[in-house]
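The values are calculated or read from the model by the stated rules, or taken from the named source; none is laboratory data. Computed from a prediction, not measured in an experiment: that's the story for all the values here. Virtual Cβ from ideal backbone geometry, glycine too; neighbours counted across all protein chains shown. Note: accessible area is taken over every heavy atom of the protein model, side chains too, but ligands, DNA and RNA are not part of it. Shrake-Rupley method; radii C 1.70, N 1.55, O 1.52, S 1.80 Å.
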Amino acid sequence: MLDPSDDDPFEDPFADDPLDDPFGDGSTGDGEADDDIAGTFESIDRSTLLAFVTVGVLVHGGIFAASLGAMLVGFRGQWVVGGTLAVAGVAALILSVGIYRRYKTQQDT
């Protein structure tokens, strides 16, 4: 049975925990992961990376702007600012679809 008098409030309960870093791979930081990431980025085609980043930023920005605009219109009645944000967000989403389709047709040919 556990004795409550043995508990030291200043003792680190995770000091000898083998799961201290669940995401660590046990390496000492010799840079293997950095080399893997650098090799991956070097092997990706520049146009693919540019299309991916552009579409990702546009989709995230579009969803944020459209939802924020809709909330401003719905909850506060700010039609000018909210409407502008909502329209800009939808336009960003449509632009991201266009960029994706253009990239896809370029890759298919």
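Here are some notes:
- Within region 29-58, the residues that satisfy the criterion of being open to solvent by 50 Å² or more (accessible area, probe 1.4 Å) and within 13 Å of the chain's Cα centre (by Cα) are Phe52, Val53, Val57.
- Tabulated pairs, region 78-91, first touching a residue at least 12 places away in the same chain (Cβ under 8 Å), second open to solvent by 70 Å² or more (accessible area, probe 1.4 Å), C-beta under 8 angstrom, 6+ apart or interchain: Gly82/Met71; Gly82/Arg76; Gly89/Ile63; Gly89/Phe64
- Total residues in region 60-92, condition surrounded by fewer than 17 Cβ atoms within 10 Å (Cβ to Cβ) and part of a helix (DSSP H, G or I): 20
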